[in-house]
Amino acid sequence: MSHDLPTYIGFEEYSEHVPASIPSAVQQATNRFVRGRAARVAELPNWEELRQMGSDLRLHTIENMDVYLTRLEEKVTAAGGHVHWAETAEDANRIVLQIAKEHEVKTVVKSKSMATEEIELNRALEEAGVQAIETDLGEYIIQLAGTGPSHIIVPAVHLKKEEVAALFSEKLDIHAPTDPTELARIAREILREKFLNAEMGISGGNFLIAETGTLVLVTNEGNGRMCATMPDIHVAVVGIDKVIPDWESLTVFLKLLARSATGQKLSTYTQFITGPRREEGEFGPKEFHLVLLDNGRSKVLKDPVGREVFKCIRCGACANVCPVYKNVGGFAYGSFISGPIGAILSPQMLGTQIARELPYASTLCGACAEVCPVKIPIPTILRHLRRRVAEGDEFAESTLSAPLHVTAELTSFALAQNWLYRFGTRLLPTLMSIFQRGRWIPRAPYPINRWTKVRPLPSFTAGFRAWWNKVRSVNRKDSAR
Amino acid sequence: MLKAQLFITCLGDQFYTSTLQNMTWLLESLGVDVIFPPEQTCCGQPLFNNGFEEKTRPVARNFLHVFGKSDAPIVAPSGSCVSMVKHHYPSLFKPGTLEHSLAMDISSRIYEFTEYLVNVLHVTDVGAVYPHKVTYHATCHYLREMGLKKESKMLLNEVKGLEFLPLDDEETCCGFGGAFSITFPEVSRSMMENKVNHILASGADTVVMCEPGCLMNIAGGLQKAGSNIRAMHIIDLLASRENVS
């Protein structure tokens, strides 16, 4: 049940070697989601109002999380469920294994869950001799491939159908065709048998309704329903940030979620689970366990700027529009969660030593914040975390190298002294003129070579000040163009 | 008489002499008395966006001091630099201090060039003639931080002879991102190449935008691709007249 944190997330290193197939696969899928989202959003005249409501509700919940979690625990318990508090990933894995051990569980079926990816539950189960089978098609594919997810809602988005067929052929020892429908049928047949034999089902949770202690699962393939109802035991591993006040607020989030995620009005399945079955003959598992995962969330909640990351309802819309994500794919972010939301979550959860590059992995173009259904100010949080990396704040010390500190210090000094700046403005064109070829500088010395390796630099003209002094200030009224 | 202070931005200062001359000339032709405070440097965004808030403050102080001497509006050829001053300067200083009130004052009277023309001077026809096929790249901070969604197109719409062609993914970042372009050069390259490919496919012979940084990136990308398409600042297009090719 080991849970190894990454020791360093090298975004730049990865970005230099992105497999060529990834951007095209990712762009094909995300462009479809972007178009779908735009069409569904256009149908709702009160979309902006809904986003504001969603944002306000999430912020309110974050600020009163203790109240809602207490209520949630009461209600789940009253409904006959068991609530477990997991302070760390290890705790969560240990709790799940304990439940499995008590019931002599050999096989577990899982529906898609970011929380179990976060704690690497599958590995813990495997190490304990329990077979865990992912039943969401995308998760099933990446489980066969032995990787983590590369997108919040489409874990295998980086793979093309030909690659999936090759994977199926290799791992399942069959001759798999490239037709997606056929591939889904093959997976379905295999999984159907697993559903029938598994003693335990594990899910995540999209929302936890404090009002009634209800777990909400939003899925498209029906596998979530099978996992939560067929085996005798259902364990849901859910981050504490998923709690919402009541059913009324759920209506807002359900309107926002599927439209933002897949461009659907509503996902195919929306499932409400309040405790286990109460009477023999009733549908559902005999036992219901809710593992509430902290794993560093309480710590992040203390930061009034950074904690807005927990407004997230995991729709993936930010990644779908992010030009950085679309060109590097999800693995560049080195964690279970990728894209802009990963770039603001991982540095807070894993720390700005391990994930110090991620806040910089953005052009601050703002496309993410524009589509976020709960209005997370992603560029603001990116800047906030960049500041933590560069200068340190009350939550962490600076993790930037000494040479960069010196560079910033000198830049600040030069830009604040206008005489020095003006001197530089006159000096640079002369210095750079030796590298100039026509109107362009095709190659420049370090660090500008990192620019010119991609495209030439325009030549330094820097003539406005001299022109103004000569032409404009001498005889402004007469001067022609 | 209308007065405006020119903020030429550090990239304009270094690379875009003729754009700044055209900006001066256009403003004067619209009856604006143009002031150029020579003690200006940079807005400090390169420091601020990389997390150096403390080190941005002295740069911001210089800006506030230089442009605070006159109460004339400030006009700049960059949505990004204007957004830095307008939206982020007030956050750098403690409310209640003199510096904060000066930052608030400057914030309320700094304008991006097209914004100043369309929303302050209420001018959309500047008499430009540019008989070419033109496409437009919506730069990120101009579009999203400044919220300037229509101003540039209103101006282009009045240019004589101009045929406007739409650009696929017009609002997608070109990959410049300031220091991003040298921190992650390969990601910047992929984004730039996507943008350049859309420009090549647009059928235009000119692409315009309202941002020196993005212009450097896109013009360089087109040059690298061996294309003859001209990448221009919108100011240079608006300064075109019949006798100018």
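Where a number appears in this text, it was derived from the coordinates with a stated rule and is not lab data. Fair warning: this is a prediction, and the values are worked out from it, not measured in the lab. Glycine gets a Cβ as well: all are built from the backbone with ideal geometry, and neighbour counts include every protein chain shown.
Kirkwood radius and radius of gyration were both taken over the C-alpha atoms of chain B, and their ratio Rg/Rh is 0.97.
Semi-axes of the equivalent ellipsoid of chain A are 48, 26, 22 Å, computed as sqrt(5λ) over the eigenvalues of the C-alpha gyration tensor in descending order.
Size check on segment A:91-134: the Cα extents along the three principal axes, sorted descending, read 25, 21, 15 Å. Here r is the Cβ-Cβ distance between residue A:282 and residue A:248 and R0 is 25 Å; the resulting FRET efficiency, rounded to 0.05, is 0.40. Residues whose amide H falls under 5 Å from that of residue B:110, counting only those 5 or more places apart or on a different chain, are B:74, with hydrogens built in the peptide plane. Taken one residue at a time, the phi angles of segment A:101-116 give Karplus couplings (6.51, -1.76, 1.60, θ = phi - 60°) of 5, 4, 9, 6, 6, 10, 10, 10, 9, 10, 9, 4, 8, 6, 5, 6 Hz. Gly and Pro are set to x.
Here the peptides A:304-314, A:327-337 are ranked by packing, the mean other Cβ count within 10 Å, and the order with the highest first is A:327-337, A:304-314. Close amide-amide hydrogen proximity is noted between residue A:83 and A:290, each under 5 Å apart and 5 or more residues distant or on a separate chain (H modeled in the peptide plane; Pro and chain starts excluded).
Can you give the mean number of other chain Cβ atoms that lie within 10 Å of the Cβ atoms in peptide A:13-23?
Mean partner shielding for this stretch: 2.
Under 5 Å from the amide H of residue A:455 lies no amide H of any residue 5 or more positions distant or on a separate chain, with H modelled from the backbone and absent for Pro and chain starts. Restricting the calculation to Cα atoms, segment A:1-124 shows an Rg/Rh of 1.06 when the hydrodynamic-style radius is the Kirkwood one.
Measuring between their Cα centroids, segment A:229-290 and segment A:301-365 lie 26 Å from each other.
Compactness of segment A:96-203 is given as radius of gyration and Dmax, 14.0, 42 Å, from Cα positions. As a length-normalised measure over Cα pairs under 8 Å and 6 or more apart, the relative contact order of chain A settles at 19 percent.
When you count the other C-beta atoms within 10 angstrom of each residue and take the mean per peptide, A:9-19, A:285-295, A:199-209 line up highest first as A:199-209, A:285-295, A:9-19. Exposure proxy shown here: for A:393, B:71, A:4, the number of other Cβ atoms within 10 Å sets the order, fewest to most, as A:4, B:71, A:393. For the segment B:33-45, counting C-beta atoms of other chains within 10 Å of every residue's C-beta and taking the mean gives 4. Shown in residue order for segment A:288-296 are the 3J(HN,Hα) couplings computed by the Karplus curve 6.51 cos²θ - 1.76 cosθ + 1.60 at θ = phi - 60°: 10, 10, 10, 9, 8, 9, 8, 6, x Hz (x for Gly and Pro). Share of pairwise Cα-Cα distances greater than 15 Å in segment A:327-419 is 63 percent (whole percent). Estimated at 0.36 nm per residue, the fully extended path between residue A:419 and residue A:188 surpasses their Cα-Cα distance by 76.0 nm.
Averaged over peptide A:446-459, the number of partner chain Cβ atoms lying within 10 Å of each residue's Cβ comes to 6. Phi-derived couplings, Karplus 6.51 cos²θ - 1.76 cosθ + 1.60 at θ = phi - 60°, listed residue by residue for segment A:79-91: 7, x, x, 10, 10, 10, 9, 10, 6, 10, 4, 4, 4 Hz, with x used for Gly and Pro.
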